[in-house]
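Got a structure here, written out as structure tokens. Questions coming.
The values are calculated or read from the model by the stated rules, or taken from the named source; none is laboratory data. Predicted model only: the values in this text are computed from it and were never measured. Glycine also receives a Cβ, built like all others from the backbone with ideal geometry; neighbour counts cover every protein chain displayed. For the accessible areas, the whole protein counts, side chains as well, though only heavy atoms, and no ligand, DNA or RNA atoms are used. Shrake-Rupley method; radii C 1.70, N 1.55, O 1.52, S 1.80 Å.
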Amino acid sequence: MVSGGILTKEWLKDHLAIEEAVSKISRIFLSSDSVELEGVLSVIGKACSVSRTGIICFSDNTDEIDEIHEWCSPSLPSVHEKKETDQRFYRWLAGRLRHNNIVMVPDTAILMDGMETEGRILSARDTRAILAIPVYSPTDSFFGVIYFEELEKPREWLGEEVETFRVISGMISTYWERKNVLEALAKSEKRYKELYEESKKAEELYRSLINSSADAIVISDLTGKTNYVSPSFTQLFGWDLDEIKKGEILFIPRDVKPDHDRMISEIVNSGNPSQDLETRRYTKDKRILNVSLSVSRYDDHEGKPAGLLYLLRDISERKQLEAQLIQAQKMEAIGTLAGGIAHDFNNSLQAIFACTEILLLGKKEGDPDYSKLLTIEKAIQRASKLTKRLLIFGRKMDNETMPVNLNNEIDQISQILKRTIPKMISIKFDLNDKIGMINADPNQLEQVMMNLSINARDAMPEGGELTFRTERAVIVDGAAAKSTGLPEGDYVLLTISDTGTGMESSTIEHIFEPFFTTKKVGEGTGLGLSMVYGIVKSHGGHISCTSTPGKGTSFMIYFPVIQKSMELNRVVEAEQVQRGANENILFVEDDETTREAVGELLKQSGYSVFTASECEEAIKIYSENIEKIDLVISDLIMPGMGGKKLVEAILSINPHAKIIIASGYNVQESAACAREWGAKDFLSKPYEINKMLKILKNALN
């Protein structure tokens with residue numbers, strides 16, 4: 001027991017007894033090639049005052065038992081004959097310890113829920129408390145088990161006792177290895193002699209723990225001379241101890257070396273450790289890893305400062321995930337902004353569109369203003385497509401996807417590029433004709449390829465090569481899956497490369513961020529690549545970039561392949577103007593310009609119109625004219641109670657009321673919600689007159 005930092009006599013007595021037992025067991029193992037394991041168990045069993053202790057050796061990493069050795073306290077009755085019970089106990093230990101650290105049950109009388117099987121097995125052996133530790137070979141194969149049982153009372157084993165038993169487990173492991181592999185006898189004997197001769201020194205006592213650490217560990221003296229590197233260090237960075245001792249390696253980047261030296265000097269002088277410092281280190285093959293570094297000063301057995309202990313953990317994957325999260329958050333923020341802009345822009349477009357349609361209704365093709373009005377209409381349609389792109393970018397509208405062959409889309413974009421890319425830039429194509437189909441929005445694919453092509457053009461002012469390459473790619477659960485974040489499966493890999501000026505790695509880290517640009521003021525918005533990123537992600541894909549200054553840049557884009565063949569059937573129907581028959585429509589819209597323009601358009605199309613600027617006003621008008629109003633058209637985003645509650649209120653007045661919801665925001669979701677609320681149909685802003693009149697006529701009929 002420990003109280004106030006002072007060891008009690010009882011604890012010290014028990015501790016000294018166990019230390020003496022460990023020392024005695026060590027001498028037993030070192031003195032002979034043939035050891036009576038019952039004698040070993042007797043020594044440790046008496047020292048730690050348990051009722052029963054045993055050792056089980058399993059055959060060839062299986063549950064088949066090779067050896068069983070057991071010692072019981074003289075105070076217990078003679079050995080029982082419950083052989084089947086014992087077999088179940090041994091199999092249970094093997095199953096639990098093959099992949100686990102230890103088994104520790106302080107009291108079988110208070111087992112947790114779900115441990116009924118363990119309770120029955122232990123009760124059959126009259127076990128009240130048990131500690132079992134696995135025995136592993138030096139090659140980490142499962143050898144067997146050493147266990148300690150208390151039959152009369154509960155017992156908790158302290159951490160120091162467990163570590164001592166681990167040492168004994170290591171001795172047993174070495175003994176078994178020595179029996180099986182005579183060739184390793186000399187080395188094993190020397191190792192354990194040295195280990196226990198230097199047992200007072202913490203470095204040697206915990207060497208086996210350090211060797212098994214997943215983190216890279218380095219031990220040096222106070223001057224920085226390296227005395228030890230763990231296997232994990234060699235595995236992670238590539239250098240072994242001999243190479244480091246030569247002093248010819250470049251491990252610490254020059255730009256972080258001054259800060260590193262200052263930190264080490266402070267730790268050496270003050271003894272205060274540094275923990276979880278995020279920094280960078282080189283590997284033997286000249287890669288740079290992001291690492292978490294902890295450094296502490298350790299003392300020798302006399303309490304004097306002896307050296308430094310370094311723990312390094314590779315956090316490159318974590319940093320990559322953090323960067324992806326930050327990028328996703330930035331994209332979400334700009335997407336929300338884009339969606340809001342698109343919503344307001346659609347309202348303005350709708351008013352212009354409606355006024356243009358009204359003017360066109362009074363014009364003939366030969367009229368001087370007819371072609372100008374058509375030009376305005378086309379401009380509005382292009383602006384409408386722009387708002388759709390903004391909504392898709394902001395994840396407020398789904399892509400209009402269909403099965404496409406990426407090679408065909410590249411062929412079509414090549415015709416545009418030949419007219420827009422300077423002739424001193426050579427455009428090359430390396431297209432695999434067996435890539436399969438992808439589910440994509442052709443307009444969005446065009447935007448991605450045009451954007452990357454224009455960037456490539458700007459990077460090659462003196463000319464160069466622009467290359468499009470397609471190939472089939474398979475993502476499996478491994479490095480590729482982790483770096484792309486994509487699920488396993490088949491993908492089409494599109495690579496767009498140029499031989500331009502290239503970029504530094506510090507620039508590549510930011511290229512997909514909204515508003516980040518390397519172009520001069522007025523030459524770029526900084527939204528191009530962020531929109532490309534958003535489009536690729538919305539298609540379930542992944543985009544990455546590699547670049548070398550002076551040599552060029554490559555963008556790699558993954559699109560998932562359609563697993564089953566899909567055929568696209570397009571049915572083109574000739575649209576006819578569906579004029580009204582003087583039906584009464586209640587049009588609810590908070591934007592005054594849109595309300596007036598669309599209201600006039602409806603009148604010109606053969607309808608009588610009531611208008612309302614607020615939901616409450618609309619309910620009042622509908623209640624007073626319930627026998628007259630045939631159809632209600634309402635914007636979804638309304639001040640006050642909003643479109644949903646308006647639908648509910650009108651349907652509560654008249655369950656058979658016909659309602660159409662209109663919106664330019666989050667179209668797919670809004671349409672589904674509108675129908676779920678009880679609306680007859682949905683209008684996407686800005687709506688063309690023919691489409692609007694057709695939906696109105698269908699709802700009325």
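I'm checking my understanding of the structure. Among residues of the range 250-281 that are in contact with a strand residue (DSSP E or B) (Cβ under 6 Å, 6 or more places away or on another chain) and among the hydroxyl-bearing types (Ser, Thr, Tyr), which one is surrounded by the most Cβ atoms within 10 Å (Cβ to Cβ)?
Among those that are in contact with a strand residue (DSSP E or B) (Cβ under 6 Å, 6 or more places away or on another chain) and among the hydroxyl-bearing types (Ser, Thr, Tyr), it is THR279.
A further question follows. For the range 611-649, give me the residue count where each residue is hydrophobic (A, V, I, L, M, F, W, C) and farther than 20 Å from PRO686 by Cα.
Of the residues in the range 611-649, 10 are hydrophobic (A, V, I, L, M, F, W, C) and farther than 20 Å from PRO686 by Cα.
Also, quick follow-up: Across the range 340-375, what is the number of residues that are farther than 23 Å from ARG579 by Cα and in a helix (DSSP H, G or I)?
12
Which number in (1) open to solvent by 10 Å² or more (accessible area, probe 1.4 Å); (2) in contact (Cβ under 8 Å) with a residue 60 or more places away in the chain; (3) in contact with a Leu (Cβ under 6 Å, 6 or more places away or on another chain) marks the one condition that ILE637 misses?
For ILE637, the failing item is (3).
Would you mind finding the one in ALA597, ALA674, ALA679, ALA618 that is open to solvent by less than 60 Å² (accessible area, probe 1.4 Å) and farther than 20 Å from ASN584 by Cβ?
None of the others qualify; the one that does is ALA674.
Go through TYR175, TYR192, TYR147 for me and flag whichever is modelled with pLDDT of 85 or more and over 26 Å from GLY303 (Cβ atoms).
Among TYR175, TYR192, TYR147, only TYR147 is modelled with pLDDT of 85 or more and over 26 Å from GLY303 (Cβ atoms).
Which members of the range 647-665 meet the condition of being touching a residue at least 40 places away in the same chain (Cβ under 8 Å) and surrounded by fewer than 22 Cβ atoms within 10 Å (Cβ to Cβ)?
LYS658
Could you count how many residues in the range 39-71 are open to solvent by 70 Å² or more (accessible area, probe 1.4 Å) and either in contact with a Ser or Thr (Cβ under 7 Å, 6 or more places away or on another chain) or acidic (Asp, Glu) (or both)?
Within the range 39-71, residues that are open to solvent by 70 Å² or more (accessible area, probe 1.4 Å) and either in contact with a Ser or Thr (Cβ under 7 Å, 6 or more places away or on another chain) or acidic (Asp, Glu) (or both) number 5.
Now for a separate question. Of the residues that sit in the range 456-487 and are surrounded by 14 or more Cβ atoms within 10 Å (Cβ to Cβ), among the aliphatic types (A, V, I, L, M) and part of a strand (DSSP E or B), which one is modelled with the highest pLDDT?
LEU466
Now for a separate question. Counting only residues that are free of Cβ contacts under 8 Å to residues at least 40 places away in the same chain, closer than 28 Å to LYS319 by Cα and in a loop (DSSP other than H, G, I, E, B), which one in the range 282-304 is most open to solvent (accessible area, probe 1.4 Å)?
Result: LYS286.
Among the residues that make up the range 228-248, is at least one of them under 15 Å from LEU311 (Cα atoms) and among the small types (Gly, Ala, Ser)?
Yes, because at least one residue in the range 228-248 is under 15 Å from LEU311 (Cα atoms) and among the small types (Gly, Ala, Ser).
While we're on this one: Quick one: TYR310 ticks every box in (1) open to solvent by 40 Å² or more (accessible area, probe 1.4 Å); (2) at pLDDT 90 or above; (3) assigned to a strand (DSSP E or B) except a single one, so which number is it?
The one condition TYR310 does not meet is (1).
Follow-up. Quick check on THR279: is it in contact with a helix residue (DSSP H, G or I) (Cβ under 6 Å, 6 or more places away or on another chain) and either of a type in the set (Lys, Arg) or under 28 Å from GLU322 (Cα atoms) (or both)?
In short, no.
Something else about it: Would you be able to tell me the number of residues in the range 22-38 that are out of contact with any His (no Cβ under 6 Å at 6 or more places or on another chain), open to solvent by 30 Å² or more (accessible area, probe 1.4 Å) and part of a helix (DSSP H, G or I)?
Summing the residues that are out of contact with any His (no Cβ under 6 Å at 6 or more places or on another chain), open to solvent by 30 Å² or more (accessible area, probe 1.4 Å) and part of a helix (DSSP H, G or I) in the range 22-38 gives 6.
Let me ask something else about it. Please report, ordered by residue number, the helices (runs of 4 or more DSSP H) entirely within the range 197-275 with at least 1 residues that are at pLDDT below 90 and among the charged types (D, E, K, R).
Passing ranges, in order: 202-205, 207-211, 241-245, 257-270.
Suppose we filter the range 84-141 for residues that are open to solvent by 20 Å² or more (accessible area, probe 1.4 Å), assigned to a helix (DSSP H, G or I) and among the small types (Gly, Ala, Ser); how many remain?
Within the range 84-141, residues that are open to solvent by 20 Å² or more (accessible area, probe 1.4 Å), assigned to a helix (DSSP H, G or I) and among the small types (Gly, Ala, Ser) number 4.
Further question: For THR495, only one of the following conditions fails: (1) polar (S, T, N, Q); (2) within 28 Å of the chain's Cα centre (by Cα); (3) modelled with pLDDT under 85. What is its number?
If we test THR495 against (1) polar (S, T, N, Q); (2) within 28 Å of the chain's Cα centre (by Cα); (3) modelled with pLDDT under 85, just (3) comes out false.
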